[in-house]
Ligand SMILES: *Cc1c(COP(=O)(O)O)cnc(C)c1O
């Protein structure tokens, strides 16, 4: 059984704050401060360029890929870290399209995060005539998986509502129709158990600054199924994805398997912070995390619904089809969220009217949820949000 009191003690959580936004940016793992300090002083400072070999900087993207891979059911040696999630979406969809050359349609849904759709739009424009991005309602995805589709690209858990797709069933249906799958795990990795190998997913991508707690700007990851790893061509063919980067060959030759999905120089300090975060994950069992996340989410729904009739649940009530976040709709949701943040309950707002709260058992417990419900009840019942200063929109919501 995971000791959640022990994992909570491994994070810096500011005094007086109940942090329900770890689905957007995880908090600081305490050990990251020393790790980064030492990487700066002892490695960058003292070793200078020899750190690439001596401190193992160059090996970090694959080593950390395996550690993240364990949380998402990937086969060892088939996940690599680097770049941002937007870039990894582009790479995965480009490779998947090339592996299915007779078809030209990418299918996605309107619950997807906009950047995933934007990246594919840009890619398809470069590929030229005949390519199409087809975006349907989440409930209509299964019916639209046909022999016309080349690639199904979905985010497993909806960033606004927490609605969860059935990865296994949709992947099976895709394969039965000759469709390859790209799964975005931005709101799955570290939030719930994922079984990429068991689902026979073709490609998967995700970020590490949300539930995985790697810090602002932490690198993304990409998974390519072993059966495609030596056939997939990386559309972004950078030197570190070359078979022999330090041969400085003038022609590109893809590296072995997943290594070819590397592009350029890895973000060593960010990877160092991620190592500290993964040490906390080593103490957690994902089945325990899931059970506790469901308990916290259910407690939150029950408490908020009992106290605040003006808030409408936007997330699925059934935990089986939900990720690790709860959203409520409220017309003045932006102002209400600012009033909550001013009182130490940090969630976020997603246009047009969604108040979003993430539940992360590594550092949020039942007492936190009960206290958050009390503060939300106070803000709603006493209309504490109805003040001009809470209605001024900041750049990041
Ligand atoms: C958070 C998120 C992103 C962010 O992409 P970046 O390139 O890391 O900024 C992309 N897709 C989804 C589904 C997300 O939830």
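The values are calculated or read from the model by the stated rules, or taken from the named source; none is laboratory data. Note that the coordinates shown come from a computational prediction; the quantities given were computed from them, not determined experimentally. Cβ coordinates were reconstructed from backbone atoms using ideal geometry, including for glycine residues, and neighbour counts include every protein chain displayed.
Residue 306 meets the stated requirement of being free of Cβ contacts under 8 Å to residues at least 12 places away in the same chain, within 28 Å of residue 350 (Cα to Cα) and out of contact with any strand residue (DSSP E or B) (no Cβ under 6 Å at 6 or more places or on another chain).
For every residue, the table says whether it meets (1) part of a loop (DSSP other than H, G, I, E, B); (2) within 20 Å of residue 194 (Cβ to Cβ).
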position: 219; (1), (2): yes, yes
position: 235; (1), (2): yes, no
position: 240; (1), (2): no, no
position: 251; (1), (2): yes, no
position: 263; (1), (2): yes, no
position: 273; (1), (2): no, no
position: 276; (1), (2): no, no
position: 290; (1), (2): no, yes
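Working only within region 324-370, note down all residues that are free of Cβ contacts under 8 Å to residues at least 60 places away in the same chain and under 18 Å from residue 11 (Cα atoms). Once the filter is applied, which keeps residues that are free of Cβ contacts under 8 Å to residues at least 60 places away in the same chain and under 18 Å from residue 11 (Cα atoms), region 324-370 yields only 367. Just so you know, in region 186-210 the residues that are within 25 Å of residue 147 (Cα to Cα), assigned to a loop (DSSP other than H, G, I, E, B) and touching a strand residue (DSSP E or B) at 6+ places or on another chain (Cβ under 8 Å) include one that is farthest from the ligand (Cβ to nearest atom), and it is 202.
When the criteria are applied in full, residue 215 meets the requirement of being within 13 Å of the ligand (Cβ to nearest atom), in a loop (DSSP other than H, G, I, E, B) and closer than 17 Å to residue 84 by Cα. Among the residues of region 87-99, those that are more than 16 Å from the ligand (Cβ to nearest atom), under 14 Å from residue 261 (Cβ atoms) and surrounded by 23 or more Cβ atoms within 10 Å (Cβ to Cβ) comprise 95, 96.
The condition of being more than 19 Å from residue 296 (Cβ to Cβ) and part of a strand (DSSP E or B) holds for residue 349.
Outside any helix (DSSP H, G or I) and within 27 Å of residue 83 (Cα to Cα) - does that describe any residue in region 297-308? Checked against the condition, which is being outside any helix (DSSP H, G or I) and within 27 Å of residue 83 (Cα to Cα), region 297-308 yields no hits at all. Criterion applied to 270, 325, 338, 299 was being under 21 Å from residue 379 (Cα atoms) and out of contact with any helix residue (DSSP H, G or I) (no Cβ under 7 Å at 6 or more places or on another chain), and the one residue passing it is 325. Residues in region 49-72 that are part of a loop (DSSP other than H, G, I, E, B) and away from the ligand (no atom under 16 Å from the Cβ): 55, 56. Of 152, 127, 180, 173, all but one fail to be under 20 Å from residue 99 (Cβ atoms), modelled with pLDDT of 95 or more, buried (at least 24 other Cβ atoms within 10 Å of the Cβ) and away from the ligand (no atom under 16 Å from the Cβ); the exception is 180. Restricting attention to region 107-117, the residues that are within 15 Å of the ligand (Cβ to nearest atom) and crowded, with 17+ Cβ neighbours inside 10 Å total 7.
The rows are residues; the columns are (1) surrounded by fewer than 21 Cβ atoms within 10 Å (Cβ to Cβ); (2) touching a strand residue (DSSP E or B) at 6+ places or on another chain (Cβ under 9 Å).
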position	(1), (2)
42	yes, no
65	no, yes
85	no, yes
101	yes, yes
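Within region 375-397, being out of contact with any helix residue (DSSP H, G or I) (no Cβ under 8 Å at 6 or more places or on another chain) and surrounded by 12 or more Cβ atoms within 10 Å (Cβ to Cβ) holds for 378, 383.
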